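Student: To start, I am sharing the structure in question, which I have written as structure tokens.
The values are calculated or read from the model by the stated rules, or taken from the named source; none is laboratory data. None of these values were measured; they are calculated from a predicted model. Heads up, the Cβs are rebuilt from the backbone with ideal geometry, glycines too, and the neighbour counts pull from every protein chain shown. The protein model used for the area step is the full one, side chains on, heavy atoms only, and it has no ligands, DNA or RNA in it. Shrake-Rupley method; radii C 1.70, N 1.55, O 1.52, S 1.80 Å.
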Amino acid sequence: MITKHTPENDLHAWLREQTRTRHQTLDRSPLLNALLQPGLDPDTYVRCLRHLHAAHASTEAWLAGLASHAPAALPAYQSRLPALREDIEQLTRHVPDAARETAAPARASDAAIQSKDTPGDGTVLPCWHDGIAAYLGIRYVLEGATQGARFITARLLKHCPLMLEKSRSYWDHQAHMSQHWHALLEYLRTEQRHIEPGALRQGADATFSHFIQVFSTHAHGTDRSCFH
């Protein structure tokens, strides 16, 4: 017999089911999927990090706008932008073509997470129906990425270890932030009666949708071997 998950009996399982389609769409985006393939070229890798930076710059701005709703029981969110920027700056020293292709993320973009009106890219903030639940929905996606990052890191180490030798700040940061993912799940479990499920889903859907939009803009790069 298949158990039907509801917000009342298992909020996390319910949210996972509600967002499964968007999650799968994001995972299947060609640029993200390239991280899992043998023969990943440095150009594509740097482009992927740039897209991650762009997507985080917007969604972390949403979190900043909802900072007053952040539950005190959760550890404070730690931005991924500095680690991504460090990796991009390090890697583009070894991939000059990538540096010319797209300007490196400006340091000013980190300040975008302080904006309560619009991120640095001009993205309009969604109109949240419930601040606390929306905040949790956004973090559900951003912290949940730590689990996929473990798998991606393992594949990079297997197929193209020299890529990580050049710089791996983002992947190391994601590994460390896995503890925040488990803290979030525990919060959803203990407080599920007090969390508005519709707004929780809204925050998660908006975040997945924005990442999908960002990653749908990539262009295919040239074939290259791993760093040598």
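Student: Do you know which of the residues in region 168-199 that are part of a helix (DSSP H, G or I) and of a type in the set (A, V, I, L, M) is farthest from Glu8 (Cα to Cα)?
Tutor: Looking only at region 168-199, we keep the residues that are part of a helix (DSSP H, G or I), and these are 169-176, 178-194, 197-199.
Narrowing the set further to residues that are of a type in the set (A, V, I, L, M) leaves 175, 183-185, 188, 199.
On the way: Ala175: 31, Ala183: 19, Leu184: 17, Leu185: 15, Leu188: 11, Ala199: 15 Å.
The residue in question is Ala175.
Student: Taking the stated definitions as given, is Leu40 more than 25 Å from Gly203 (Cβ to Cβ) and crowded, with 21+ Cβ neighbours inside 10 Å? Spell out how you get there, then give the answer.
Tutor: On the way: more than 25 Å from Gly203 (Cβ to Cβ): yes; crowded, with 21+ Cβ neighbours inside 10 Å: no.
Answer is no for this residue.
Student: Follow-up question, since we're still on this one. Condition check: in contact with a Leu (Cβ under 8 Å, 6 or more places away or on another chain), of a type in the set (Ser, Thr, Tyr), surrounded by 15 or more Cβ atoms within 10 Å (Cβ to Cβ) and farther than 18 Å from His69 by Cα. Does Tyr187 satisfy that?
Tutor: Numbers: in contact with a Leu (Cβ under 8 Å, 6 or more places away or on another chain): yes; of a type in the set (Ser, Thr, Tyr): yes; surrounded by 15 or more Cβ atoms within 10 Å (Cβ to Cβ): yes; farther than 18 Å from His69 by Cα: no.
Criteria not met by Tyr187.
Student: Scan region 155-177 for residues that are in contact (Cβ under 8 Å) with a residue 12 or more places away in the chain and surrounded by 14 or more Cβ atoms within 10 Å (Cβ to Cβ) and report the count.
Tutor: Residues meeting the conditions: 16.
Student: Next question, about the same structure. Would you tally the residues in region 30-57 being modelled with pLDDT under 95 and among the small types (Gly, Ala, Ser)?
Tutor: 2
Student: If you don't mind, another one. Going by the conditions given, is Ala55 buried (at least 19 other Cβ atoms within 10 Å of the Cβ), closer than 23 Å to Ala134 by Cα and out of contact with any Ser or Thr (no Cβ under 8 Å at 6 or more places or on another chain)? Walk me through it before giving the result.
Tutor: Details: buried (at least 19 other Cβ atoms within 10 Å of the Cβ): yes; closer than 23 Å to Ala134 by Cα: yes; out of contact with any Ser or Thr (no Cβ under 8 Å at 6 or more places or on another chain): yes.
Against the criterion (buried (at least 19 other Cβ atoms within 10 Å of the Cβ), closer than 23 Å to Ala134 by Cα and out of contact with any Ser or Thr (no Cβ under 8 Å at 6 or more places or on another chain)), Ala55 qualifies.
Student: Still on this structure, I have one more. Mind checking which residues of region 7-17 are closer than 13 Å to Leu188 by Cβ and either open to solvent by less than 70 Å² (accessible area, probe 1.4 Å) or modelled with pLDDT of 95 or more (or both)? Step through it out loud before you land on a result.
Tutor: Residues of region 7-17 closer than 13 Å to Leu188 by Cβ: 7-16.
The answer is Pro7, Asp10, Leu11, His12, Ala13, Trp14, Leu15, Arg16.
Student: Restricting attention to region 11-41, report how many residues are touching a residue at least 24 places away in the same chain (Cβ under 8 Å) and assigned to a loop (DSSP other than H, G, I, E, B). Walk me through how you get there before you give the answer.
Tutor: Step one: filter region 11-41 for residues touching a residue at least 24 places away in the same chain (Cβ under 8 Å), giving 11-12, 14-15, 18-19, 22-23, 25-27, 29-32, 35-41.
Now drop any that are not assigned to a loop (DSSP other than H, G, I, E, B), which leaves 19, 29, 37-41.
Of the residues in region 11-41, 7 are touching a residue at least 24 places away in the same chain (Cβ under 8 Å) and assigned to a loop (DSSP other than H, G, I, E, B).
Student: Another question, if that's okay. Could you grab me the full set of residues in region 74-91 that are open to solvent by 20 Å² or more (accessible area, probe 1.4 Å), part of a helix (DSSP H, G or I) and either touching a helix residue (DSSP H, G or I) at 6+ places or on another chain (Cβ under 7 Å) or modelled with pLDDT under 85 (or both)?
Tutor: Pro82, Arg85, Glu86, Gln90
Student: Here's a follow-up. Check region 137-154 and report whether any residue there is surrounded by 22 or more Cβ atoms within 10 Å (Cβ to Cβ), at pLDDT below 95, more than 20 Å from Ala34 (Cβ to Cβ) and β-branched (Val, Ile, Thr).
Tutor: There is no residue in region 137-154 that is surrounded by 22 or more Cβ atoms within 10 Å (Cβ to Cβ), at pLDDT below 95, more than 20 Å from Ala34 (Cβ to Cβ) and β-branched (Val, Ile, Thr).
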